[in-house]
Amino acid sequence: MNGPLAAERRYALSFTTGALLAREGALLAPAYIERRDWEQVRDQAVESNLLQARTHRTGVRLVRETVKRLSALADDEVELLTEATASERGYLMWAAACRRYELVGEFAEEVLRERFLLLASSLEYQDFDSFFRTKAVWHDELAEIKDSTLQKLRSNVFKMLHEAELLSEAGLIRPAVLSERVVATLSAHTPSDLRFFPTRQTAAQGAAL
């Protein structure tokens, strides 16, 4: 949303740790199902180096960021992560990133999905830069960041898209083919979180295009 009201809230911009974090999410999800307490999950995962990070500092950063993303999911979605296929897991973690980081979600809806629906076949860095400049008009925190930070943010968003299999290495948009159960859980939100994906699927259609 653009305009004066948008300027009253600040975007969270701490999504430069990891990329999609699908592997990490799959490792932490069962721990949450057992404890139902994200703080306990975070502390235990750091203590036991559950994510098998090379250094303690890296482990702390990865666990914290993964917990941030997973906590944006409902309990039934976290449960689904524990039994999801690789593609389903990628889609759920993309949805988690879009919910946790409003800037990512708006880019997904306003640029990725819009280009897909308009039959544009590709998504490039310049599309992100144009989107970012538009948002910066209303958000001082975006206007004030360094070019190097912008590059990191942009790079990580594209890494997420590649890992979620929503964008090819050549920059071509890959339509999301969502299973019925993923469509159902994304559609449980209002508005539907299908808006974050390059798809024409609806809750009524399920997995059928």
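The Cβ shell under 13 Å around Trp38 holds other residues with a net charge of +1, Lys and Arg each +1, Asp and Glu each -1.
What is the diffusion coefficient of region 74-192 in µm²/s, taking the Kirkwood radius over Cα pairs and the Stokes-Einstein relation at 37 °C with a viscosity of 0.692 mPa s? Answer from the Stokes-Einstein relation: 215 µm²/s.
Nearest 20 debye, what's the magnitude of the dipole of the chain about its Cα centre given +1 on Lys and Arg Cβ and -1 on Asp and Glu Cβ?
Numbers: 27 positive and 31 negative charges, 78 e Å.
It comes to approximately 380 debye.
Leaving ligands and nucleic acids out of the surface, order Asp193, Asp127 by accessible area at 1.4 Å, largest first. Don't jump to the answer; show the numbers that get you there.
Details: Asp193 5, Asp127 30 Å².
From most exposed to least exposed: Asp127, Asp193.
Think of the chain as a dipole: +1 on every Lys or Arg Cβ, -1 on every Asp or Glu Cβ, centred on the Cα centre; then among Phe107, Met93, Ala143, Ala143 lies furthest on the positive end. With the convex hull of the Cα atoms taken as the outline of the chain, the averaged projected area works out to 12.1 nm². Among complete DSSP H helices in the chain, those whose alpha-carbon atoms stretch at least 18 Å along the helix's long axis and whose mean Kyte-Doolittle hydropathy reaches -1.0 are 22-35, 56-70, 86-100, 147-163. Bridgeable aspartates and glutamates around Lys68 (alpha carbons under 14 Å apart, same-chain partners fewer than 8 residues away excluded): Glu24, Asp37, Glu39, Asp43, Glu102. Placing +1 on each Lys and Arg Cβ and -1 on each Asp and Glu Cβ, with no other charges, gives region 112-209 a dipole about its Cα centre of roughly 200 debye.
Summing +1 for each Lys or Arg and -1 for each Asp or Glu among the other residues whose beta-carbon sits under 13 angstrom from that of Ala143 gives 0.
The values are calculated or read from the model by the stated rules, or taken from the named source; none is laboratory data. Values in this document were obtained by computation on a predicted structure and should not be read as measured data. Counting neighbours? That spans all protein chains shown, and the Cβs are built from the backbone with ideal geometry, glycine included. These accessible areas exclude ligands, DNA and RNA; they are computed on the full protein's heavy atoms, side chains included. Shrake-Rupley method; radii C 1.70, N 1.55, O 1.52, S 1.80 Å.
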